[in-house]
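The next block holds one structure in the form of structure tokens; read it before the comments.
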Amino acid sequence: IASRDLLMAEIHHRVKNNLQIVASLLNLQAGRVRSAEARTAFGAARDRVRALATLHRHLYTHSNFETIALGTFLNELCGQLFEALGEMPGDRIALEVSAPDLTLGSDEAVPLALVITEAVTNAVKYAFPDQRTGTVSVQVVQDGETLTLIVSDDGVGIEAAEDAQASEGLGTMLIQGFARQLGATLTTESSASGTELRLVMPIRGRRTAPGQTEVRAA
């Protein structure tokens, strides 16, 4: 068992390192292209790869190498996304993360992490134009065998950001595809007071263990 655990930790560690190298290459390439649209596309790909690298790091630091502590992971992931977009949580845009330190298997954690990556990125990039201030909230609620993810903002809404959102068609397709992979229902509501993405999914992996606490960040 000890040798198996060591092997699993080493695999996740190497995958994480390789993904970080890919992210660095994408970042370098983005700096060499002239088209703003191409730079944006390279940056989005970089952030998706970085999200996976962060996930694998949490996998090899968890005790059984096959699950992650969701609350701790989401705090790091969301802060990482803000930084990649040139924002510091709490400066112009506040970040609120509320999630139980639920243990999820990698088959669930990977698509969920990528849904959050797309949703948070869209909110930070488009919900607060012209140096507006506001809040992006990521909330996860567990109810028995069901997990609900809510990513919301108090920005200008999708219609006001329609032109910018149109260029993010791939992001929307990815969110829908990952929701299907999770067997989840997905709804998005938007108004002049903000946008909310809500994903409701069955939990196939492990749930909060006795003694585990909810992790919050503001």
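The values are calculated or read from the model by the stated rules, or taken from the named source; none is laboratory data. It should be emphasised that the depicted structure is a prediction, and the values quoted were computed from it without experimental measurement. Note that we place each Cβ from the backbone using ideal geometry, even for glycine, and neighbour counts take in every protein chain shown. Areas reflect the complete protein model, heavy atoms only, side chains present, ligands, DNA and RNA absent. Shrake-Rupley method; radii C 1.70, N 1.55, O 1.52, S 1.80 Å.
The sole residue among 34, 39, 46 that is surrounded by fewer than 17 Cβ atoms within 10 Å (Cβ to Cβ), in a helix (DSSP H, G or I) and modelled with pLDDT under 85 is 39. Is at least one residue of region 151-167 farther than 21 Å from residue 79 by Cα, among the charged types (D, E, K, R), at pLDDT 90 or above and open to solvent by 10 Å² or more (accessible area, probe 1.4 Å)? Taking every residue of region 151-167 in turn, none turns out to be farther than 21 Å from residue 79 by Cα, among the charged types (D, E, K, R), at pLDDT 90 or above and open to solvent by 10 Å² or more (accessible area, probe 1.4 Å). So which residues in region 69-108 are charged (D, E, K, R) and in a helix (DSSP H, G or I), if there are any at all? Hits for region 69-108 are 76, 83, 107, 108. Entry remark, region 104-143: residues being open to solvent by 40 Å² or more (accessible area, probe 1.4 Å) and β-branched (Val, Ile, Thr) number 3 in total. Contact annotation: no residue pair with Cβ atoms under 6 Å, 6 or more positions apart or on different chains, pairs a residue in region 54-70 that is surrounded by fewer than 17 Cβ atoms within 10 Å (Cβ to Cβ) with a partner that is among the charged types (D, E, K, R) and at pLDDT below 70.
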